[in-house]
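Read through the structure below, which is laid out as structure tokens, and then see the notes.
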Amino acid sequence: MLAKVFSAAIIGVEAYLVEVEVDISQGLPGFAIVGLPQGALKESKERLRAAIRNAGFSFPLQKITANLAPADLKKEGSAFDLPLAMAILSAARIIPQEQLRGYLFYGELSLDGKLKPVSGVLPVALLARRKHLALVCPEKNLGEAALIKGLKILPVSHLKEAAFNLGQEREFCLEQAAESSAPVPDLSEVAGQEHAKRALEIAAAGGHNLLFIGPPGAGKTMLARRFPGILPPLSYEEALETSRIYSVLGLLDPERPLLKERPFRAPHHTISDAGLIGGGNPPKPGEISLAHNGVLFLDELPEFRRNALEALREPLEAGEITVSRAQMSITYPAKFILLAAMNPCRCGYYGDPKRPCQCSPQEVRRYRQKLSGPLLDRIDLQVEVAAVDYEDLARERPAEPSAKVRERVLLARRRQKERYGREILNAYLGPAELKKFCHLGPEERRLLERAAQKLNLSARAFHRVLKIARTIADLSHEEKIKTPHLLEALQYRVFDRLSW
Ligand SMILES: Nc1ncnc2c1ncn2[C@@H]1O[C@H](COP(=O)(O)OP(=O)(O)OP(=O)(O)O)[C@@H](O)[C@H]1O
Ligand SMILES: [Mg+2]
């Protein structure tokens, strides 16, 4: 007899409907799964035999053929155990076929028939709601599934429950456990460094990328770690988008499945290209996608592998990354603000007024050449951070707290939303919008053209200066970009200015 149930496969961060068919016929006892199953799927045959038996059912001693359709969809992972088991039980006439209609089954079985939590439940739950199906998933994944409003869920901890509790699915409304994550450190702890703090504020207001350049101990890392505290809170839609990526990697906390804070990812420079960008086999989202809607912090930027840095160019421009595989290409979301820090040379003291630099001119050049022009071109704000003197540290007046800065950031973002009529930040304006919304008067235009010639700005850099000037004007509640805004924006192109 033939039985069919629905399940799902994940490609990128999107779930696709898969139909699991099982046919049991007379013939030599055997069990075959067709439909491009991967190694992991083949292992599930052994799990299925044991789990079905240990759930108290007899495993049919007939010819069993399972098919996962569509065949051309690449299927990974172990979450097909549950739908396969249900289809086998139905084809063996243990569960009536009508009872399985209207469900999407997703979960891995252990040998004793218990269900194990799986990754990717959030996108699968979204799919189930779109297809008007109820979701049967491991109980441990309930928190994730319940994030989707209007979805009926049957959480199960054992195959037996899946077989006997059909019809008892319902909507869940779970209270997310209170926040326990460590509070973000505050900007007020950083003495002085007004110039660097101003750059952080501009970056947060307009979504611009930012690079700090300075000697060891200047406070670059300290400043960067305080950046999330001045960013606006995550909206529900953004939280869901980002949580979906974490779901696919199985990184969501069952107690607090919805991310409440913008991600701040700070991968070490020894990270592999695939770990940073995404990819690998099976392909997975990388750090840049885990930073989606948040911040990617690359400390010691020139230490990262050149290939990995070059690969950042696409997502920095497009807000997503496409990973090509032999059979297909997968696109992962990756819209983040890039924060980076570096020393001016290998020893760290090039240009320092107090300590001599140990590097030869060639060494200085080689160190900086690790960063390609096209990458630097995409970093709108480049800021030199000089060390603060000990006396200054003690003398400094108490600095402004993050909450104050954040208020200004929120106001500047509101201005952008009102102007553009949608959620888009200055950093992402296209050429047409730039022309329309970053209009310059004749005097300002002359100034910018002169500066562009002098600094030998590329067309991209020219536009980036305009965008920063737009954000600076927004922070000072001005609709027109004026000369002081342009002058400040031009200061943030250290690499062009110093002809490094
Ligand atoms: N402006 C400052 N206000 C208060 N503390 C500071 C300041 N600058 C530096 N410090 C102190 O110095 C420490 C080192 O700073 P940090 O690690 O941010 O330096 P860095 O610029 O990242 O150096 P490196 O180039 O070696 O990575 C901080 O943890 C902090 O205690
Ligand atoms: Mg540092």
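Structure summary
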{"quantity": "Among the listed pairs LYS260/LYS480; LYS75/LYS140; LYS140/LYS335; LYS74/LYS149, those beyond 24 Å (Cα-Cα)", "calculated": "LYS260/LYS480; LYS140/LYS335; LYS74/LYS149"}
{"quantity": "Dipole of the chain [Lys/Arg +1, Asp/Glu -1 at C-beta], most positive-end residue of LEU410, VAL22, ASN456", "calculated": "ASN456"}
{"quantity": "Residues MET328, MET222 arranged by fewest to most Cβ contacts within 10 Å", "calculated": "MET328, MET222"}
{"quantity": "Shape of region 2-171, Cα gyration tensor, a/c cut at 1.5", "calculated": "prolate"}
{"quantity": "Charged-residue dipole, Cβ positions (Lys, Arg, Asp, Glu), region 56-208 about Cα centre, Debye nearest 20", "calculated": "800 debye"}
{"quantity": "Inter-part distance where region 279-306 and region 442-489 are each reduced to a Cα centre, Å", "calculated": "31 Å"}
{"quantity": "Relative contact order of region 287-386, defined on C-alpha pairs under 8 angstrom at six or more residues apart (%)", "calculated": "31 percent"}
{"quantity": "Under 13 Å from LYS284, Cα to Cα: aspartates and glutamates that are on another chain or at least 8 residues apart", "calculated": "GLU14, GLU76, ASP273"}
{"quantity": "Mean separation of Cα contacts under 8 Å, 6 or more apart, over the residue count of region 429-500: relative contact order %", "calculated": "38 percent"}
{"quantity": "Separation of the MET1 and GLU478 label points, Cα + 7 Å toward Cβ, nm", "calculated": "7.8 nm"}
{"quantity": "Set of lysines near LYS354 by C-alpha distance (under 21 Å), chain-local residues within fewer than 8 positions excluded", "calculated": "LYS220"}
{"quantity": "Furthest towards positive pole of dipole, MET328, GLY280, ALA311, structure part region 274-333, Cβ charges", "calculated": "MET328"}
{"quantity": "Label-point separation in nm, ILE424 to LEU28, each point 7 Å along Cα→Cβ", "calculated": "6.4 nm"}
{"quantity": "Length-normalised contact order for region 2-171 - Cα pairs under 8 Å, 6+ apart - percent", "calculated": "23 percent"}
{"quantity": "GLU19 versus MET328: modelled label distance in nm, points set 7 Å from Cα along the beta carbon direction", "calculated": "1.8 nm"}
{"quantity": "Cα extents of the chain along the three principal axes, largest first (Å)", "calculated": "85, 47, 46"}
{"quantity": "Highest-first arrangement of 369-382, 454-467, where packing means the average Cβ count within 10 Å", "calculated": "369-382, 454-467"}
{"quantity": "Computed [θ] at 222 nm, deg cm²/dmol, the chain (DSSP H ≥ 4; -39,500 (n - 2.57); rounded to nearest 500)", "calculated": "-10500 deg cm²/dmol"}
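Laboratory data are not the source of any read-out in this text; all were calculated from the coordinates shown. Just so we're clear, the structure is a prediction, and the values are computed from it rather than from any experiment. So basically every Cβ, Gly included, is an ideal-geometry build from the backbone, and we count neighbours across all protein chains shown.
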